[in-house]
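Each remark here refers to the structure printed beneath this line.
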Amino acid sequence: MLAMFNLAFIALIEAEEHKGGLLDVNPGLIFWTVITFLILLFILKKVAWKPIIGALDERENFIKDSMQRAEAAKNEAERLLEENKANLARAEEDAQKVIAQGREFAEKLKAQILSESKTEAQKMIENASAEIKRKNVEAFESLKAEVAMIAVQAAEKILRENLDKEKQNNLVNKFIDELPKN
Amino acid sequence: MVTYIQADTVKAVQDTISQAAAKGGNTDSGWILHHILDANYLDFEPFGKIPLPQIHLFGLDLSITRHVVFMWLALVLLVVIFASVAKSYKKSLVPKGFSNLMELLVVFVRDEIIRPTIGKGYEKFLPYLLTVFFFILIGNFIGLIPYSATFPSNISVTATLAAISFFVIQAGGIRKNGLFGYFKGLVPHGVPFWLLPVMFIVEILGLLTKPFALAIRLFANMTAGHIVILALLGLIFILKTPFVAPVSIAFALFIYLLEILVALIQAYIFTMLSSLFIGMAVHQEH
């Protein structure tokens, strides 16, 4: 077993000796690696890294700016909203005040008009009743005159027909009784 | 043969190996390493191999190896992908579809890794750290495709990346604090005077161990997963029975899915630690 192991190990070393070992350093390869890497570094720096990193930075700045602008716009919008709300509240208050004032004024006006119209009506009623009284008296006076006139005419007629004193008296009394009381 | 090994001398062992090799013994585990190590060809077994050019300059072997090819593939893919992503930002700042996914990763690396660890002045290190993150990430993912190779599992590659990280860390620290200020800042406050030389050496060692750990971590993690997958599949051939295949394949599949996670995690860790060390070097006040 040990022998087998030794054999395998030595074989590995032997094989390396023939073909160049894992740890052999090859100067030619070092040379080509340096050349290749430096060329790659040079080309990529010119062709790739500068534009790519530039574009990345540009985009990052753009995003940062956009976010800042958005933040500012948001703040501005919030400020405006607050202002609008305040304005709206103030306007509402004003409107309420105006409405209240209007109502008060209307109330006052109503009361005034009502009391004025009441006194007016009172006055009109008084006037009307005075007038009615006056007219009543007047009508009564004219009626009295008329009745007297009719009575005189009737007396005249009766006198002409029959001059009986007692009959006349009765007639006159009767006539007066038949008249309306007022 | 057994008595031969138990003699337990180097000579004996070497002889055993050569004997075993001569017998075509099945103890050869080279086929696993064959899949992991770098090579001078692209392997498309069983369809054949594509040889790669070998270049030798100034006494150095500068051959285009398998890992170099996939490193270049990663380079091309990354440039194409991120050029198109960058272009999509010209149309609109809001990305769609694939660009969105890439943006997610870029933003993740920037906001979750780099910004918290480095803090102020992180922008200067952004290109380097993003590049290293995506380079390792795409390297790890390419390594999961059949017939490809994982270059972040090569110690040379990870050591080089760690060394570059090391330079970036030191350069960042020196640039911010000045050469003298930086090395003075390495030693914590309140250390007795006579201890300063020792502390200085310890701190310098500390600086070096950081990239070393980075290199070893990435290399070991990316290598281990592949070895485990290959070993699980190798069980079928070692045990020489098809009945073990369902178990092997199920486990290998599980490890493969785990590897997808590991690919992300290792890219993340390498970038995160590099970033953390940069942050420590730049802002020395403990």
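Students often check this: by mean Cβ neighbours within 10 Å, which of A:145-158, A:39-52, B:55-68 ranks highest, and how do the rest follow? Before the final figure, lay out each step's value.
On the way: A:145-158: 11.6, A:39-52: 18.1, B:55-68: 15.9.
By packing density, highest mean first, the sequence is A:39-52, B:55-68, A:145-158.
Relative to the longest principal axis of the Cα atoms of chain A, helix A:50-161 runs at roughly 10 degrees.
Under 5 Å between amide hydrogens, built in the peptide plane, is the criterion, and for residue B:42 it picks out B:50, B:52 among residues at least 5 positions away or on other chains.
Per residue of A:50-59, other chain Cβ atoms within 10 Å of the residue Cβ number 6 on average. Quotient of the Cα radius of gyration of chain A and 2.2 N^0.38 Å, N being its number of residues: 4.27. GNM, chain B, Cα, under 10 Å: largest mean-square fluctuation among B:149, B:86, B:231? It is B:86.
Rounded to the nearest 20 debye, what is the charge dipole size of chain A about its Cα centre when +1 sits on each Lys and Arg Cβ and -1 on each Asp and Glu Cβ? The partial results should precede the final answer.
Values: 27 positive and 31 negative charges, 183 e Å.
Here chain A has a charge dipole of around 880 debye.
Put in order of Cβ neighbour count within 10 Å, fewest first, the listed residues B:122, B:147, B:41 become B:147, B:41, B:122.
Restricting region B:70-137 to trypsin sites (Lys or Arg not before Pro) that sit in a DSSP loop and have at most 14 other Cβ atoms within 10 Å of their own Cβ leaves B:96, B:120.
Give me the net charge of residue B:127's neighbourhood, meaning all other residues with Cβ under 10 Å from the Cβ of residue B:127; Lys, Arg count +1, Asp, Glu -1. Around residue B:127, the surrounding residues sum to +3. Two numbers describe the Cα atoms of chain B: Rg and Dmax, which are 23.8, 77 Å.
The 3J(HN,Hα) values that the Karplus relation (6.51, -1.76, 1.60; θ = phi - 60°) gives for region A:25-42 are, in residue order, 9, 10, x, x, 5, 4, 4, 5, 5, 4, 4, 4, 5, 5, 4, 4, 4, 4 Hz. Gly and Pro appear as x. Per-residue 3J(HN,Hα) values for region B:181-197, derived from phi via the Karplus relation 6.51 cos²θ - 1.76 cosθ + 1.60 with θ = phi - 60°, read x, 5, 6, 5, x, 5, 7, x, 5, x, 7, x, 4, 5, 8, 4, x Hz in sequence order (x marks Gly and Pro).
Quick one: net charge around residue B:203, please, counting Lys, Arg +1 and Asp, Glu -1 for every other residue with C-beta under 14 Å from its C-beta. Walk me through the numbers before you get to the answer.
On the way: positive: B:184, B:210; negative: none.
Overall, the nearby charge balance is +2.
Ranked for footprinting exposure by Cβ neighbours inside 10 Å, fewest first, A:109, A:22 give A:109, A:22. Here's how it looks for residue B:64: its modeled amide H is under 5 Å from those of B:55, which are all 5 or more places away or on a different chain.
Over all distinct alpha-carbon pairs, what is the Kirkwood Rh of the protein assembly as shown in angstrom?
Numbers: mean 1/r = 0.0309 Å⁻¹.
Result for the protein assembly as shown stands at 32.3 Å.
Would you tell me the mean number of C-beta atoms belonging to other protein chains that fall within 10 Å of each C-beta in B:159-171, as a whole number?
Details: counts 4, 9, 3, 0, 3, 5, 0, 0, 0, 0, 0, 0, 0.
Across the residues of B:159-171, the mean count of other-chain Cβ atoms within 10 Å is 2.
Within a 10 angstrom radius of each residue's Cβ in B:124-132, how many Cβ atoms of other chains show up on average? Whole number is fine. Don't skip to the end; give the middle numbers.
Working: counts 0, 0, 4, 9, 5, 1, 7, 10, 3.
Shielding by partners across B:124-132 averages 4.
Axis of helix B:245-282 versus longest Cα principal axis of chain B: the two differ by about 30°, to the nearest ten degrees.
Read the figures in this text as sums done on the coordinates, not as results from a lab. Model, not experiment: these values are computed from the prediction. Counting neighbours? That spans all protein chains shown, and the Cβs are built from the backbone with ideal geometry, glycine included.
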